[in-house]
Amino acid sequence: MKPCRLSRYRVRYPGSTHDSFIWNNCALRAKFAEGDFLDCHLLGDSGYPLERYLLTPFANPMTRGEERFNRSHTRTRVLIEQTFGLLKSRFRCLHQSGGSLQYEPRKCGKIITACILLHNRCVRRRIPLPEAEAEAEGGEEEDPDDPEPLEAAGARQGRAAGQQSRNHVVDNVFS
């Protein structure tokens, strides 16, 4: 799989909006649906719909490959959540305890991008996190016993394509 360039897609919704609502209404999803990112997959937790390009964990893994997929999926998501924690500890403006970004979503996106670029520069120059803030906020692991969310009738066809795509990944990578 090749890396996807997602940086040109902008932010529109405030932080209190549920992630799956944002996903269902964003231009990036439309681009994935149109096939602009054929060799790419996104990872989502069980709050997202399973789609051809958006892979969610198995609610009840039945095979060793499905169990491996879920473990890898969870480890990857935890790593991403830990990365968010590192960014929040280095740049307190991103953390709720430091307030919140009181700007338009587009400007917030630019601030977050700047924080990521500055963090990467700090990492390359081996600049450590401030001592008092070096504790990274860990991501939550998914509870495999949580039921999958209810889906709308119109999502069934997309879910079938998602199951086929996820099974293809399991068969070719985890089995």
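Read-outs: derived from the displayed coordinates by stated rules, not from any lab. This one's a predicted model, so the numbers in the text were calculated from it and none came from an experiment. Every residue, glycine among them, receives a Cβ derived from its backbone with ideal geometry; neighbour counts consider all protein chains shown.
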- Scattering from the C-alpha atoms of the range 42-104 alone, worked out with Debye: what is log10 I(q)/I(0) at q = 0.14, 0.26 1/Å? -0.57, -1.03
- Query: What are the residues whose amide H is under 5 Å from the amide H of ARG52, where those residues sit 5 or more places off or on another chain and H is modelled from the backbone?
  - Reply: GLY162
- Message: Kirkwood Rh over alpha-carbon pairs of the range 22-61, then Stokes-Einstein at 37 °C and 0.692 mPa s: what D in µm² s⁻¹, rounded to an integer?
- Response: 306
- Using a basic spin-label model with each label point 7 Å from the Cα along Cα→Cβ, how many nm lie between GLU67 and ALA33? 3.7
- Scalar couplings 3J(HN,Hα) for the range 166-174 by Karplus 6.51 cos²θ - 1.76 cosθ + 1.60 (θ = phi - 60°), nearest whole Hz, x for Gly and Pro, are 5, 4, 4, 5, 4, 5, 9, 10, 10
- Expressed in nm to one decimal, what extension gain is obtained for the pair ASP171 and ASN60 from 0.36 nm per residue of sequence separation less their Cα-Cα distance? 38.3 nm
- Query: Given R₀ = 35 Å, FRET efficiency for ALA161-CYS93 by Cβ-Cβ distance, to 0.05?
  - Reply: 0.30
- So, how do all the Cα-to-Cα distances of the range 18-135 break down into 10 Å bins, in percent, from 0 on up? 11, 30, 35, 21, 3
- Query: Assuming R0 = 35 Å, what is the FRET efficiency of ASN24 and ARG124, from their Cβ-Cβ distance, to the nearest 0.05?
  - Reply: 0.40
